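Student: Before I ask anything, let me first share the structure, which is written out below as structure tokens.
The values are calculated or read from the model by the stated rules, or taken from the named source; none is laboratory data. Fair warning: this is a prediction, and the values are worked out from it, not measured in the lab. Here Cβ is always computed from backbone atoms with ideal geometry, including for glycine, and neighbour counts include all displayed protein chains. Surface areas here come from the heavy atoms of the whole protein model, side chains and all, with no ligands, DNA or RNA. Shrake-Rupley method; radii C 1.70, N 1.55, O 1.52, S 1.80 Å.
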Amino acid sequence: TILILDFGSQYSHLITRRCRELNVYAELMPCTQKLKELNFKPKGIILSGSPYSVYDDDAPHVDPDVFTLGVPILGICYGLQEMAWQLKGSVSKCDHREYGFAQLQVLSLGESNSVWMSHGDQLSAPPEEFHVIGKTQTAPYAAIAHNSKPWYGIQFHPEVTHSPRGKEVIGRFVLNICKCSASWTMEEFIGKEIARIRQICGTKGRVIGAVSGGVDSTVAAKLMHEAIGDRFHAIMVDNGVLRKDEGKTVYERLNKDLGVNLTLVDASDLFLSRLEGVEDPEQKRKIIGNTFINVFEEEATKIEAAAKEEEKSGKEAKGRVEWLLQGTLYPDVIESISFKGPSATIKTHHNVGGLLKDMKLKLIEPLRELFKDEVRALGRLLSIPPHLVQRHPFPGPGLAIRILGPVTRDQVRILQLADSIYIEEIRKAGLYNQISQAFAVLLPVKAVGVMGDKRTYEQVIALRAVQSEDFMTADWYVFPPEVLRRISSRITNEVAGINRVTYDISSKPPSTVEWL
Ligand code: XMP
């Protein structure tokens, strides 16, 4: 394992990703981690970048034990400056913040490479016993190495794709210098994770978990099923604002195709009655989040009651409900381990946190070490059908945040139909996998149209399709015009109540992906 200590850079998780792409397992921890308290011995340590300056009063600093652990160290940007700060080099402010490409002259190779810089401070003198191995026009100590120990510092960011040979730099460090073996593969992960789940869950006791039809919960459910079979019980809540036929489809896929023990609860009446007349998006999110918890708890209680009965009757008891499965992914973990605390919330993306306190369930999170594309790879290996593994994300509050006015059954039906035509045509055109997320939005305005000889006065659908790496930023997708023409014509012809279709050409930022 490579330990990456995070000083709060926006790129820290990318260092983790690059290591894993080299099949080396890497874990990110806050820079405040006490190294004596680690429950594993890392083969190398990488110190990340940071928005701070090492001389700031509140600047984060690493546990000085990092230098006595006897393992290779690589400091990146602030990580380099932190090494200098601890080892008595010196760091000073640049005249201008340097942001963008620079040419790094690699002294030993006599060649220069493009690298990505993003810093306001830089080394003005390396610590004693370090020598220069690379420089740029403005940074005389852009890369340094210790004279005898495997300690390195670089000013540029090898983890971003803008540093074309950055992955080689990380590869040299983790493979050649730390001597990690490139053996972390998804096949190995599955085997280990199933064994880990079996060990945690023993031979008795049930696990419950919510599924939504999305890739994360499906993969987590399938993995649990592989590990403990029928002792895992999945619950799907139909909240009345799912996509067209979603409840039924998910039930068939998970239960019939994948063999997962699944209960589908139709709670649409309850959700829609609580949503009545509500227009405010955050209010909608809150209502859906809370109602979800109520319904899920009620269902869990039923499963627990049945388990108790079974126990009493003494027949082939699978035990009581002891664990709650969550499809938490690594980015959520990273967010919550930050030494600064979670970042500012723009929209409250609900999660099943704090659930079922009374039942004292223990959490089980088999995907907590994985990034989204790793979950997809895992899904493929678990023989989950490709169209499911490649599915676009769908928000928990569902169509409620895509109906811009109050949510009614009628509005839901209109949007479901328009959305299903849109997605069907995207699939037919073979474009689904090029798009990160596509959906229709129902606007709360009416526009005039003409049908036959009659004037119409009906609602408007907005279509959204974006391409994005991580949904923090997104670009609108450029459709071939004939595909848009077909979609528009089908929606206006087949969806009663709609006489106009528009296409959203806004990027994130300044817009967001969803309209609410
Ligand atoms: P925004 O609109 O914030 O969307 O640019 C970024 C990604 O997050 C999804 N999203 C949500 N997911 N609950 C969710 O589970 C929510 O409340 C929520 N709001 C947005 C959105 O679909 C996109 O993928």
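Student: Among the candidates 432, 477, 503, single out the residue that is of a type in the set (Ser, Thr, Tyr), in contact with a helix residue (DSSP H, G or I) (Cβ under 7 Å, 6 or more places away or on another chain) and farther than 23 Å from residue 396 by Cβ.
Tutor: Just a single option satisfies the conditions, and that option is 503.
Student: Turning to a different aspect of this structure: Could you tell me which of the residues 466, 448 is over 24 Å from residue 427 (Cα atoms) and touching a strand residue (DSSP E or B) at 6+ places or on another chain (Cβ under 8 Å)?
Tutor: 448
Student: Please verify whether the stretch 382-405 includes one or more residues that are within 16 Å of the ligand (Cβ to nearest atom) and charged (D, E, K, R).
Tutor: There is at least one residue in the stretch 382-405 that is within 16 Å of the ligand (Cβ to nearest atom) and charged (D, E, K, R).
Student: Say we look at the stretch 421-464 and pick out the residues that are among the small types (Gly, Ala, Ser) and within 16 Å of residue 492 (Cα to Cα); which of these is farthest from the ligand (Cβ to nearest atom)?
Tutor: Across the stretch 421-464, the extreme among qualifying residues is 452.
Student: Mind checking which residues of the stretch 419-437 are open to solvent by 50 Å² or more (accessible area, probe 1.4 Å) and in a helix (DSSP H, G or I)?
Tutor: Within the stretch 419-437, 424, 427, 428, 433, 434 meet the criteria.
Student: Output the residues belonging to the stretch 472-505 that are touching a Pro at 6+ places or on another chain (Cβ under 8 Å) and under 19 Å from residue 419 (Cβ atoms).
Tutor: Within the stretch 472-505, no residue meets the criteria.
Student: Collect the residues in the stretch 76-121 that are open to solvent by less than 30 Å² (accessible area, probe 1.4 Å) and at positive phi, keeping them in residue-number order.
Tutor: 77, 100
Student: Test each condition in (1) part of a helix (DSSP H, G or I); (2) open to solvent by 20 Å² or more (accessible area, probe 1.4 Å) for residue 193 and report the one that comes out false.
Tutor: Looking at each condition in turn, residue 193 falls short on (2).
Student: Moving on. Could you identify the single residue in 450, 513, 483, 495 that is under 25 Å from residue 292 (Cα atoms) and either touching a residue at least 24 places away in the same chain (Cβ under 8 Å) or open to solvent by 80 Å² or more (accessible area, probe 1.4 Å) (or both)?
Tutor: Result of the check over 450, 513, 483, 495: 513.
Student: If I go through the stretch 376-418 residue by residue, how many of them are of a type in the set (Gly, Ala, Ser) and assigned to a helix (DSSP H, G or I)? Before you say what the answer is, go through the steps one by one.
Tutor: Looking only at the stretch 376-418, we keep the residues that are of a type in the set (Gly, Ala, Ser), and these are 377, 379, 383, 396, 398, 400, 405, 418.
Still in the running and assigned to a helix (DSSP H, G or I): 377, 379, 398, 400, 418.
Number satisfying all stated conditions: 5.
Student: Out of the residues in the stretch 44-63 that are touching a Pro at 6+ places or on another chain (Cβ under 9 Å) and hydroxyl-bearing (Ser, Thr, Tyr), which is most open to solvent (accessible area, probe 1.4 Å)?
Tutor: Taking the candidates together, the pick is 52.
Student: Something else: For the stretch 230-261, what are the residues that are open to solvent by 20 Å² or more (accessible area, probe 1.4 Å), farther than 17 Å from residue 214 by Cβ and of a type outside the set (Lys, Arg)?
Tutor: 230, 233, 259, 261, listed by residue number.
Student: Take the residues in the stretch 498-510 that are within 16 Å of the ligand (Cβ to nearest atom) and either of a type outside the set (A, V, I, L, M) or without any contact (Cβ under 8 Å) to a residue 12 or more places away in the chain (or both), then tell me which one is least open to solvent (accessible area, probe 1.4 Å). If you could, list the steps in order and put the result at the bottom.
Tutor: Residues of the stretch 498-510 that are within 16 Å of the ligand (Cβ to nearest atom), as a first pass: 504-510.
Imposing the further condition that a residue be either of a type outside the set (A, V, I, L, M) or without any contact (Cβ under 8 Å) to a residue 12 or more places away in the chain (or both) reduces the set to 504, 506-510.
Values: 504: 17, 506: 37, 507: 34, 508: 53, 509: 92, 510: 127 Å².
Here the residue is 504.
Student: Return the residues of the stretch 445-482 that are polar (S, T, N, Q) and more than 26 Å from residue 434 (Cβ to Cβ); say none if nothing qualifies.
Tutor: Taking the stretch 445-482 and keeping what is polar (S, T, N, Q), we get 456, 459, 467-468, 473.
If the condition is that a residue be polar (S, T, N, Q) and more than 26 Å from residue 434 (Cβ to Cβ), then 456, 459 are the ones that fit.
Student: Looking only at the stretch 122-139, which residues are surrounded by 14 or more Cβ atoms within 10 Å (Cβ to Cβ) and not polar (S, T, N, Q)? Working first, answer last.
Tutor: Looking only at the stretch 122-139, we keep the residues that are surrounded by 14 or more Cβ atoms within 10 Å (Cβ to Cβ), and these are 122-127, 130, 132-136, 138-139.
The answer is 123, 125, 126, 127, 130, 132, 133, 134, 135, 139.
Student: Next question. Do we find a residue being more than 16 Å from the ligand (Cβ to nearest atom), farther than 30 Å from residue 10 by Cβ and of a type in the set (A, V, I, L, M, F, W, C) anywhere in the stretch 469-478?
Tutor: no
Student: Can you tell me which residues in the stretch 34-57 are assigned to a loop (DSSP other than H, G, I, E, B), under 29 Å from the mean Cα position of the chain (by Cα) and under 29 Å from residue 97 (Cα atoms)?
Tutor: Result: 48, 49, 50, 51, 52, 53.
Student: Within the stretch 264-298, how many residues turn out to be in contact (Cβ under 8 Å) with a residue 40 or more places away in the chain, β-branched (Val, Ile, Thr), out of contact with any Gly (no Cβ under 9 Å at 6 or more places or on another chain) and outside any loop (DSSP other than H, G, I, E, B)?
Tutor: 2
Student: Moving on to the next point. Could you check how many residues of the stretch 168-189 are of a type outside the set (D, E, K, R), more than 23 Å from residue 372 (Cα to Cα) and in a loop (DSSP other than H, G, I, E, B)?
Tutor: Number satisfying all stated conditions: 3.
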